[in-house]
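S.K.: Supplied in structure tokens, the structure appears directly below.
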Amino acid sequence: MGDQLLYAIGRARLHGSAKTRYQHRAEATRFVNELRVVGFAVQSWKNVTNRHMAAVVERWRDRGLSTATLKEYLSGVRAVARAYGNADLREKNDFRTADGSLLVGSRVGVDNRNRAVPDAVYAAALEVLRAGTEDEQRFAIHLRLMRTGGLRHEEARKLNPFRCLLADGRVFVSDGTKGGRERVISNPSPAFLTAIEDARRFVSSHGNLMPDGMSERAWEKKAYACAHAVGISKEACGASLHGLRHAYTQERYADITGFRCASAGGTLVEAQEAAGDGWRQLDSDARLLIKAELGHGPDRDDVVARYLGARFR
């Protein structure tokens, strides 16, 4: 039997235009897929609770989704729940973590907190995984693609290393991207190119890096469990798996500007010493370029600020 929550989304009687109904179904589907990875097995929309919503919101927030995106996704969840008579889901987006931290607010400020996986933790994890089972070695490749190329986890597991490398050395990222937005990484690091080369021995019959005989959902769940086992979790090192993308972004910023961003411990004095009065232009250029390389639009300053921290003042 298939997933009853997913099945019910297609049968829900939703209101609004055809476009609105389509978006709400897509948003609810994202929610259910995340809910399964977290480990909740609820099978009726009548039984979906605020606890389920909070668990998924926390995962989305860890991935760097903006407040606007979170609110958009949650509106679809509520729409489908209401279609099945569930009016108990909180209308205000005041979901909180176990320690009371607010997950969704009216606007998320820039706090300069470092959400990157520490390099020592990353190196230790690779050492363990490379000596492990085939699936663990496969997951080590995923980690390398995230850390050296800034890929999201979904992009890493769906990458086809035989197809993504262009003749001029650029890397084309197309599968698993957020919103289906394809992008080109113009200046891939040597470490990223090496990771792509090493990934070729792990390509499955799916044409990507997910193993044969395992669904995408099962592989994602196993991958997150594996990350936790090697110390990549907020509890163990202060950063989730998505923190590898944060680490890449901080490193990329330093490569472009010659100084560290605020979330990596950089200061105005450091920026001025490295680049003089030109530090502001370097900062702006780096943020614009990084937004494009990560797959975000040029107007998404809020997202890139979550990776880099605030501009120096």
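FYI, it's all coordinate maths here, none of it is from the lab. Computed from a predicted structure; not experimentally measured. Virtual Cβ from ideal backbone geometry, glycine too; neighbours counted across all protein chains shown.
S.K.: For labels at residue 6 and residue 194 in the simple 7 Å Cα→Cβ model, what's the distance in nm?
M.R.: Label at residue 6, label at residue 194, 3.8 nm between them.
S.K.: Also: Quickly estimate the mean residue ellipticity at 222 nm for the chain, helices only: each DSSP H run with n ≥ 4 gives -39500 (n - 2.57), and the total goes over all residues, rounded to 500.
M.R.: -16500 deg cm²/dmol
S.K.: Where does the charge balance sit around residue 287 when Lys and Arg score +1, Asp and Glu -1, over other residues with C-beta under 9 Å from its C-beta?
M.R.: Every neighbour counted, the sum reads -1.
S.K.: Pop a pseudo-label 7 angstrom from the Cα along the beta-carbon direction at both residue 154 and residue 62 and give the gap in nm to one decimal.
M.R.: Output for this residue pair reads 1.6 nm.
S.K.: For the stretch 218-262, max minus min Cα coordinate along each principal axis, in Å, sorted largest first?
M.R.: The Cα atoms of the stretch 218-262 stretch 40, 20, 12 Å along the principal axes, largest first.
S.K.: Just to check, using Stokes-Einstein with a Kirkwood Rh over alpha carbon pairs, what's the diffusion coefficient of the stretch 4-83 at 37 °C and 0.692 mPa s in µm²/s?
M.R.: The Stokes-Einstein estimate is 261 µm²/s.
S.K.: Hey, could you grab the Kirkwood Rh for the stretch 254-308? Inverse mean 1/r over distinct alpha carbon pairs, Å, one decimal.
M.R.: 11.4
S.K.: Could you give the length gained by full extension between residue 267 and residue 281, i.e. 0.36 nm per residue of separation minus their alpha carbon distance, to one decimal place?
M.R.: Between residue 267 and residue 281, full extension yields an extra 3.5 nm.
S.K.: Further, regarding this structure: Among the lysines, which have Cα under 30 Å from the Cα of residue 46 when same-chain residues fewer than 8 positions away are ignored?
M.R.: 19, 71, 92, 178, 221, 222
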